[in-house]
Amino acid sequence: MFGKVRLWLAGAILTATIGFVSMTTSSFAMGDKDLRPDVVKIADLFKKGDAAAAKKAAGPLGKEFKELGDLMNMFRTRKAAEGLGWGLKTPAGVPDEEDGHDKKIKLLIKANADDAAKHPGNTEEAGFALAALAELILAKTPDKFDDSKIKERTKKNWTDRSEEMRAASLELAAAGKSKNGDAIIKSAKKVYGACNKCHDVFKD
Ligand code: HEC
C-alpha cells in the first residue's frame with residue numbers, strides 16, 4: 001500500500017520534472033537530434049537547382065520532426081531559440097534577436113531598399129533555407145483536416161500555401177543573389193504573405 005503511494009509520488013515528481021525541462025530547454029536538448037544541418041542540406045539542393053532531390057529528401061526528414069511546432073521553431077533565432085537563423089552565419093553587428101526568419105522577414109518588409117540589400121549573401125542562403133522549410137511543411141501535410149468549423153481548412157489550401165511559400169522563397173534567394181533591395185523586399189512580402197495566409201486558417 002505504502003509502496004504504491006511512493007511509486008505514484010515518484011512518478012508525479014518525474015512527470016513534473018520532465019514538464020519543467022521541456023518548457024525551459026530547446027526541442028533537442030533532451031537528446032533529440034539537431035536537425036538544422038539536415039535542413040541546410042535540402043537548402044543546398046534547391047541552390048543546385050535540384051528541386052526533385054530536395055522534395056525526395058524532405059519526405060524522410062519531415063518524419064524526424066515530431067511535431068509541426070518543432071519544424072516551425074526553425075523560423076526562430078539561431079542562438080536563443082535554436083532556429084536556423086538568417087543565412088549560414090550571423091554577420092558581424094547583427095544581434096541574435098534580428099537573426100531569425102520570422103523576425104528578419106518583418107524587418108525586411110519595412111526596410112528601405114539600401115538596408116534590405118545589406119548582407120545579400122545571407123538573404124540568398126535564407127531564401128533557399130525557407131524553400132527547404134516550405135518543402136518540409138509540405139512533407140508534414142496533416143493526414144486529416146477538420147473543416148467542420150473553418151471551411152478553408154483543406155488539404156488543397158495547405159498545399160497551395162506551402163507551394164506559394166516555396167516559390168516566394170526561391171524568388172527571395174534570387175533577389176539576394178542579384179543584390180537588388182527592391183526585389184528582396186518584394187519577395188520577402190510574398191513569403192510573409194504565405195506564412196500569414198496559412199496561419200490565419202490553420203493556426204489555433
Ligand atoms: C502551410 C501552413 C503554414 C505555413 C506556410 C507556415 N506556417 Fe507557421 N505554423 C503553421 C501552423 C499550423 C502552426 C501551429 C503549429 C502548432 O502549434 O502545432 C504554425 C506555427 C508557427 C510558429 C510557432 C509560434 C507560434 O506563433 O505559435 C512560428 C514561429 C511560425 N509558424 C512561423 C512561420 C513562418 C515565419 C512562416 C513563413 C516563412 C510560416 N510559419 C509558414 C502553419 C504554417
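Every read-out reported here was derived from the displayed coordinates using simple, explicitly stated rules and does not represent laboratory data. On a predicted model such as this, the values are computed, not experimentally measured, just so you know. Using ideal geometry, Cβ is built from the backbone for each residue, glycine included, and neighbour counts are taken over all protein chains shown.
Tabulated values for the structure
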item: Residues I185, I109, sorted so that the one with the fewest Cβ neighbours within 10 Å comes first; result: I109, I185
item: The stretch 68-164, Cα convex hull volume normalised per residue, Å³; result: 117
item: Chain lengthening between K144 and D34 when straightened (0.36 nm per residue, less Cα-Cα); result: 36.8 nm
item: Chain lengthening between K151 and K89 when straightened (0.36 nm per residue, less Cα-Cα); result: 18.2 nm
item: Loop sites in the stretch 47-89: chymotrypsin sites (Phe, Trp or Tyr not before Pro), DSSP, at most 15 other Cβ within 10 Å; result: none
item: Residues K104, K190 arranged by fewest to most Cβ contacts within 10 Å; result: K190, K104
item: Order of S169, S148, S187, S178 - criterion: other Cβ atoms within 10 Å of each residue's Cβ, fewest first; result: S148, S178, S187, S169
item: Kirkwood hydrodynamic radius of the stretch 34-202, Cα pairs, Å; result: 15.9
